[in-house]
Amino acid sequence: MVASRFDSGRRRICGGLAASVALAASLPRLLGATTHRSFPSRTLVHPGPGAQPFRATELQPGRNYVFAYPYVSTPCFLLDLGEPLTEPVTLETRDGQRYRWQGGAGPNRSIVAFSAICPHRMTHPAPSVSFISYRPSPSGPPGEGIIKCCSENSRFDPRRGARVLSGPAPEPLAAIALAYDPAGDRLTATGAYGGLLFERFLAQFEGRLALDYGPERFARLVAGDCPVYALEDYSRVNMQC
Ligand code: FES
């Protein structure tokens with residue numbers, strides 16, 4: 001059972017755009033495409049008091065889960081795709097930098113995580129609505145599900161490192177590196193690679209992010225653990241297209 005993001009009381013609506021603008025001045029400089037960055041390792045946990053570890057085997061294949069990483073306000077998809085993903089895939093950022101997606105994690109290597117920020121115009125799951133989500137194939141065999149952005153219909157293949165299948169997105173979704181601890185059945189986010197848009201995202205959406213997460217908080221790196229939410233608990237409306 002995944003607790004509601006709103007029930008947990010984590011959503012902070014704060015006024016004071018002036019404060020957020022002041023904070024934005026201290027944001028890291030916008031980065032160009034950087035293919036690999038380490039961020040503090042964060043264990044994936046259940047929301048709420050006690051932060052019980054979210055066990056990898058609790059994930060329901062095909063269901064959309066979201067966690068914020070590496071920043072408090074930058075959402076990522078966590079998906080169990082239901083089949084081993086053991087083949088690395090060579091991909092390229094919009095700037096032509098090559099990188100290798102490392103495949104799935106977890107006991108069956110079927111679990112993947114990607115930034116949920118669309119590389120086209122940075123559509124993303126927000127507390128109010130999500131226009132981007134994973135769509136499992138309703139009746140077909142495994143291997144047909146896609147991540148789809150409804151804004152301008154970009155489609156990504158999560159089994160191949162979220163490479164672009166169609167649409168205007170200029171590069172794959174950035175990958176989140178996951179480490180798996182078989183002893184505890186735990187997953188830990190350790191960094192990100194691919195076309196990283198986090199700082200650009202924080203700058204572009206700072207006004208709304210400050211309202212949603214608090215002006216002092218939205219641009220901070222996640223401290224402690226990373227709560228995992230079902231998408232329907234992270235975003236009140238999940239748009240289909
Ligand atoms: S923002 Fe996703 S396709 Fe345009």
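Taking the conditions exactly as written (buried (at least 16 other Cβ atoms within 10 Å of the Cβ) and within 15 Å of the chain's Cα centre (by Cα)), does S133 satisfy them or not? Outline the logic, then answer.
Values: buried (at least 16 other Cβ atoms within 10 Å of the Cβ): yes; within 15 Å of the chain's Cα centre (by Cα): yes.
Yes, satisfied.
Just checking, which of A192, A210 is of a type outside the set (S, T, Y) and either touching a strand residue (DSSP E or B) at 6+ places or on another chain (Cβ under 8 Å) or closer than 22 Å to P88 by Cα (or both)? Lay out the reasoning, then the answer.
Details: A210 fails: either touching a strand residue (DSSP E or B) at 6+ places or on another chain (Cβ under 8 Å) or closer than 22 Å to P88 by Cα (or both).
Step by step, each of A192, A210 is checked, and only A192 is of a type outside the set (S, T, Y) and either touching a strand residue (DSSP E or B) at 6+ places or on another chain (Cβ under 8 Å) or closer than 22 Å to P88 by Cα (or both).
To keep it simple, each residue is scored yes or no on (1) within 11 Å of the chain's Cα centre (by Cα); (2) farther than 19 Å from G195 by Cβ; (3) within 16 Å of the ligand (Cβ to nearest atom); (4) surrounded by fewer than 20 Cβ atoms within 10 Å (Cβ to Cβ).
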| residue | (1), (2), (3), (4) |
| --- | --- |
| Y71 | yes, no, no, no |
| F77 | yes, no, yes, no |
| L81 | no, yes, no, no |
| T90 | no, no, no, yes |
| R100 | no, no, no, yes |
| I111 | no, yes, no, no |
| A116 | yes, no, yes, no |
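Which condition number in (1) closer than 20 Å to R208 by Cα; (2) within 16 Å of the ligand (Cβ to nearest atom); (3) crowded, with 18+ Cβ neighbours inside 10 Å is the one that R121 fails?
Single failed check for R121: (3).
Are there any pairs, at least 6 apart or on different chains, whose C-beta atoms fall under 9 Å, with the first in region 107-118 and aromatic (F, W, Y) and the second within 13 Å of the ligand (Cβ to nearest atom) and part of a loop (DSSP other than H, G, I, E, B), and if so, which?
Hits for this filter: F114/A162; F114/P172; F114/L173.
Hey, could you check region 176-205 for residues that are farther than 17 Å from P125 by Cβ and among the hydrophobic types (A, V, I, L, M, F, W, C) and say which is surrounded by the most Cβ atoms within 10 Å (Cβ to Cβ)?
L187
So, in region 144-171, exactly how many residues are more than 8 Å from the ligand (Cβ to nearest atom) and farther than 14 Å from M239 by Cβ? Lay out the reasoning, then the answer.
Residues of region 144-171 that are more than 8 Å from the ligand (Cβ to nearest atom), as a first pass: 144-148, 155-166, 170-171.
So of that shortlist, the ones also farther than 14 Å from M239 by Cβ come out as 144-146, 155-166, 170-171.
Residues that pass the stated criteria total 17.
This table checks each residue for (1) assigned to a strand (DSSP E or B); (2) touching a Phe, Trp or Tyr at 6+ places or on another chain (Cβ under 9 Å).
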| site | (1), (2) |
| --- | --- |
| T86 | no, no |
| T90 | yes, yes |
| M122 | no, yes |
| E144 | no, no |
| S151 | no, yes |
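Could you say whether any residue in region 70-81 is in contact (Cβ under 8 Å) with a residue 60 or more places away in the chain, acidic (D, E) and on the phi < 0 side of the Ramachandran plot?
We begin by selecting, within region 70-81, every residue in contact (Cβ under 8 Å) with a residue 60 or more places away in the chain; these are 70-79, 81.
Narrowing the set further to residues that are acidic (D, E) leaves none.
No, region 70-81 contains no residue that is in contact (Cβ under 8 Å) with a residue 60 or more places away in the chain, acidic (D, E) and on the phi < 0 side of the Ramachandran plot.
Being assigned to a loop (DSSP other than H, G, I, E, B) and within 12 Å of the ligand (Cβ to nearest atom) is the filter here, so list the residues in region 126-136 that pass it. Talk me through it step by step, then tell me what you get.
First pass over region 126-136, keeping only residues assigned to a loop (DSSP other than H, G, I, E, B): 126-128, 131, 136.
F131 - this is the single residue of region 126-136 that is assigned to a loop (DSSP other than H, G, I, E, B) and within 12 Å of the ligand (Cβ to nearest atom).
Bear in mind that the values in this text are calculations on the coordinates, not laboratory data. All figures in this text were calculated on a predicted structure; none of them were measured in a lab. Methodologically, a virtual Cβ is constructed for each residue, glycine included, from the backbone with ideal geometry; neighbour enumeration extends over all protein chains shown.
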